[in-house]
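Comments concern the structure below.
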Amino acid sequence: MTRSRKSKAAPVGLVLGMFVLLPLILLPIRHYPAQARGERALLRDQAQPPAPSQAASPDLSELSRLQSDLQQAQDKLKDWPNLARYRDANSQVHPPATGETRVLFMGDSITDGWGRKYGKFFPGEPYINRGISGQTTPQMLIRFRPDVIVLKPAVVVILAGTNDIAGNTGPTTLEAIEDNLTSMTELARANGIRVVLASLLPVCDYIRPQTPRRPMEKITALNAWMKDYAAKNRFIYLDYYSAMLDDHKMLKQELTYDGLHPNDAGYEVMMPIAEKAIAAAVRGSGAPVKSRTK
């Protein structure tokens, strides 16, 4: 009897033990899917870029400025000497009339702004303005044929070099500027055009700093070369510089609006000096034209 009860109790104990152990076995299994899902979610979150914060939002005004700068750079690369600026206007210019003394002004912003921004550009005279703001002598040399020679002027007035000194198209030397001016004058002479070489204007720092980019010693050195070169080749040297200089060897403050470009009063000083130089060129005189100081 005792052995029989023991044999019946053994299976019952085994069953009870399984009920005790089964939850412990199934517990990790029940939690595994949730843990795996959590790990997959963590990996997914790490793969996605973080949402941009408010501080990282782009400055729209800065973006617009950069786009504008890029467009200007692309336009300049497509037409570095800006041959397109006067292409249409040149096509409308007729050959000089009989007895007409056509004069063409080749230059940078100081020429470009004459009569367009400040001053009067020789009212009633058959003079043509072919200045382009910011240009340097290599750019002018490239456009010298379409913007000067093709228009058949009797005289060309060349005012160039200040932007070269400022490095507008990269670092350069006085010798390179002189070479470009020489090439322009040789092209003019080969095509029967008389040459007036205009001095660079002085600059001043009274309104805003100008001399750091355009040191006065470089301006005076280039002017000295032009004066000597003109005398040797019987061109006319047009001395704007002396007429616009103050007692401190700077551009007179009353003749400029920014220390670099002339205002109305500045062009009023320049016009009679230019007229005198043009008259000397027409006569074929090679003597330098003296400025009228005040």
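No lab work stands behind these numbers, since they all come straight from the coordinates. These numbers were taken from a predicted model, which means no experiment stands behind them. Because the Cβ atoms are built from the backbone with ideal geometry, glycine has one as well, and the counts that use them run over all protein chains shown.
Of all residues in the stretch 236-253, count the ones that are in a strand (DSSP E or B) and within 19 Å of Ala221 (Cβ to Cβ).
Within the stretch 236-253, the first condition is being in a strand (DSSP E or B), and the residues that meet it are 236-238, 245, 251.
Add one more test, that the residue is within 19 Å of Ala221 (Cβ to Cβ), and what stays is 237-238, 245, 251.
Selection size over the stretch 236-253: 4.
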> Which number in (1) farther than 26 Å from Arg145 by Cβ; (2) of a type in the set (Gly, Ala, Ser); (3) in a loop (DSSP other than H, G, I, E, B) marks the one condition that Ala231 misses?
Replying inline: (3)
> Restricting the stretch 143-168 to residues that are over 20 Å from Ala280 (Cα atoms) and touching a residue at least 60 places away in the same chain (Cβ under 8 Å), which is surrounded by the most Cβ atoms within 10 Å (Cβ to Cβ)?
Replying inline: Gly161
>> It is to be established whether one or more residues within the stretch 177-191 are assigned to a loop (DSSP other than H, G, I, E, B), in contact with a Ser or Thr (Cβ under 6 Å, 6 or more places away or on another chain) and either under 21 Å from Asp112 (Cα atoms) or touching a residue at least 40 places away in the same chain (Cβ under 8 Å) (or both).
In response: no
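Please state which one of Met244, Met216, Met271 is over 24 Å from Gly119 (Cα atoms) and touching a residue at least 24 places away in the same chain (Cβ under 8 Å).
Values: Met244 fails: over 24 Å from Gly119 (Cα atoms); Met271 fails: over 24 Å from Gly119 (Cα atoms).
The unique qualifying residue is Met216.
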>> Taking the criterion of being surrounded by fewer than 18 Cβ atoms within 10 Å (Cβ to Cβ), over 24 Å from His261 (Cβ atoms) and of a type outside the set (Ser, Thr, Tyr), would at least one residue in the stretch 114-122 satisfy it?
In response: no
